[in-house]
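J.: Mind having a look at this structure? Questions to follow.
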Amino acid sequence: MNERILVVDDEKAIADLVGIYLTKEGFDVQIAYSGADAAKAILEQKFDLALLDVMLPDIDGFELLRTIRVSHTYPVIMLTARDAQQDKIEGLSLGADDYVVKPFRPLELIARVHAQLRRYTSYGSRAQATELPTLQLDGLEINRDARSVTVDGAPVRLTPIEYSILLYLAEHRGSVVPVEDLFRAVWNEDFMPGSNNTVMVHIRHLREKIGDDAQKPRFIKNVWGVGYIIE
């Protein structure tokens, strides 16, 4: 079955163009031209990825992202005409996986879609036959086979990015992971001036979900000026 993608944009020409490119790539595309139609689709249908325009006339993209993250962990790419750092931070804080500023090149967007879907379908599948399927770290349990996380026995719902960060740090337990290395490993992109903020936002969100106090961390510790470590 083809992967299903939700495209949400009130600019019909942009939404239709993106839909054409995605369809040519073999995806099953659902287009919504309003926040209300998108919200209905999110609640009633299953998707593998969503492209959300931030500026919608009724329900904005951030609110739609909140709706998605209540029950779903599939990747979300935000589309915006505003290249504002605060918008990016807000979107990442709410669980967005990527952020694309308009005007964008369709082929670049398609490449980002493929990258996010590869991460979503394969995160946690890096385990080799010689590796144990489960990592256990002081009450934190990461099951590679099930791609699941529990803290003190309670399940924790993570986005693919958050899971990848946690797994990478856990697999390098006892070693300080530089921010640059973490970004390249998880995002598979070159480290840029704003990449540090991206990592920090996702680490903060991850900590909230696993109940990790940044001041007195139980799991993820900061090594200021260098990176992060799970001891």
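Where a number appears in this text, it was derived from the coordinates with a stated rule and is not lab data. Please read all numbers here as calculations on a predicted model, not as lab measurements. Here Cβ is always computed from backbone atoms with ideal geometry, including for glycine, and neighbour counts include all displayed protein chains.
J.: Using only helices, what value at 222 nm comes out for the chain when you add -39,500 (n - 2.57) per DSSP H run of length 4 or more and divide by the total residues, to the nearest 500 deg cm²/dmol?
T.: Values: 8 runs with 97 residues, N = 231.
For the chain, the value works out to -13000 deg cm²/dmol.
J.: Next question. Multiplying the sequence separation of residue 231 and residue 108 by 0.36 nm and subtracting their Cα-Cα distance, what value in nm do you get? Don't jump to the answer; show the numbers that get you there.
T.: On the way: separation 123, 0.36 × 123 = 44.28 nm, distance 3.80 nm.
Contour length minus Cα-Cα distance gives 40.5 nm.
J.: Sticking with this one: How charged is the neighbourhood of residue 139? Take every other residue with its Cβ under 12 Å from the Cβ of residue 139, and add Lys/Arg as +1 and Asp/Glu as -1. Before the final figure, lay out the partial values.
T.: Numbers: positive: 218; negative: 138, 141, 152, 212.
So the environment of residue 139 carries a net charge of -3.
J.: Within a Cβ distance under 10 Å of residue 188, other residues only, what is the Lys/Arg minus Asp/Glu net charge? Numbers along the way, then the final one.
T.: On the way: positive: 118, 119, 184; negative: 189, 190.
Taking every other residue near residue 188 into account, the sum is +1.
J.: Could I ask something else about it? Indicate, rounded to the nearest 5 percent, the antiparallel portion of the DSSP beta bridges found entirely in the chain.
T.: Restricted to the chain, the bridges split so that about 50 percent are antiparallel.
J.: What fraction of the Cα pairs in segment 1-46, stated in percent, has a spacing above 11 angstrom? Numbers along the way, then the final one.
T.: On the way: 639 of 1035 pairs.
In whole percent, the share of Cα-Cα pairs in segment 1-46 beyond 11 Å is 62.
J.: Can you return the aspartates and glutamates within cross-link range of residue 88? Criterion is Cα-Cα under 13 Å, with same-chain partners fewer than 8 residues away left out.
T.: 53, 97, 98
J.: So for each of 173-180, 52-59 I average, over its residues, the number of other beta carbons within 10 Å; can you give me the resulting order with the highest mean first?
T.: Numbers: 173-180: 14.5, 52-59: 18.9.
In descending order of packing, they fall as 52-59, 173-180.
J.: Given 0.36 nm per residue, what is the gain on full extension from residue 90 to residue 224 after removing their alpha carbon distance, in nm? Let's see the in-between values first.
T.: Numbers: separation 134, 0.36 × 134 = 48.24 nm, distance 2.33 nm.
Result for the pair: 45.9 nm of gain on full extension.
J.: As an exercise, use a Förster radius of 22 Å and the Cβ-Cβ distance of residue 44 and residue 2 to find the FRET efficiency, rounded to the nearest 0.05. Write out the running numbers ahead of the final one.
T.: Values: r = 19 Å, r/R0 = 0.85.
After rounding, the FRET efficiency stands at 0.70.
J.: What FRET efficiency do you get for residue 118 and residue 213 if R0 is 41 Å and r is their Cβ-Cβ distance, rounded to the nearest 0.05?
T.: On the way: r = 33 Å, r/R0 = 0.81.
According to the calculation, E is roughly 0.80.
J.: Report the full-extension gain for the segment residue 69 to residue 175: residue separation times 0.36 nm, less the Cα-Cα distance, to one decimal in nm.
T.: On the way: separation 106, 0.36 × 106 = 38.16 nm, distance 3.14 nm.
The residue 69-residue 175 span can extend by a further 35.0 nm.
J.: Please compute the modelled spin-label separation between residue 37 and residue 154, points set 7 Å along Cα→Cβ, answer in nm with one decimal.
T.: 4.0 nm
J.: Given the Cα atoms of the chain, and with Rh set as the inverse mean 1/r over their pairs in the Kirkwood sense, what is Rg to Rh to two decimals?
T.: Values: Rg = 17.8 Å, Rh = 18.4 Å.
Here Rg/Rh amounts to 0.97.
J.: Using all C-alpha to C-alpha distances in segment 18-68, build P(r) with 5 Å bins and read off the rounded percent in each one.
T.: 4, 20, 32, 23, 16, 5, 0
J.: If Rh is defined by the Kirkwood formula over all Cα pairs and Rg also comes from Cα, what ratio Rg/Rh do you get for segment 144-231?
T.: On the way: Rg = 12.4 Å, Rh = 13.3 Å.
Rg divided by Rh gives 0.94.
J.: Relative contact order (percent) for the chain, with alpha-carbon contacts under 8 angstrom and 6 or more residues of separation? If you can, show how the numbers build up before the last one.
T.: Values: 356 pairs, mean separation 30.9, N = 231.
Contact order relative to length: 13 percent.
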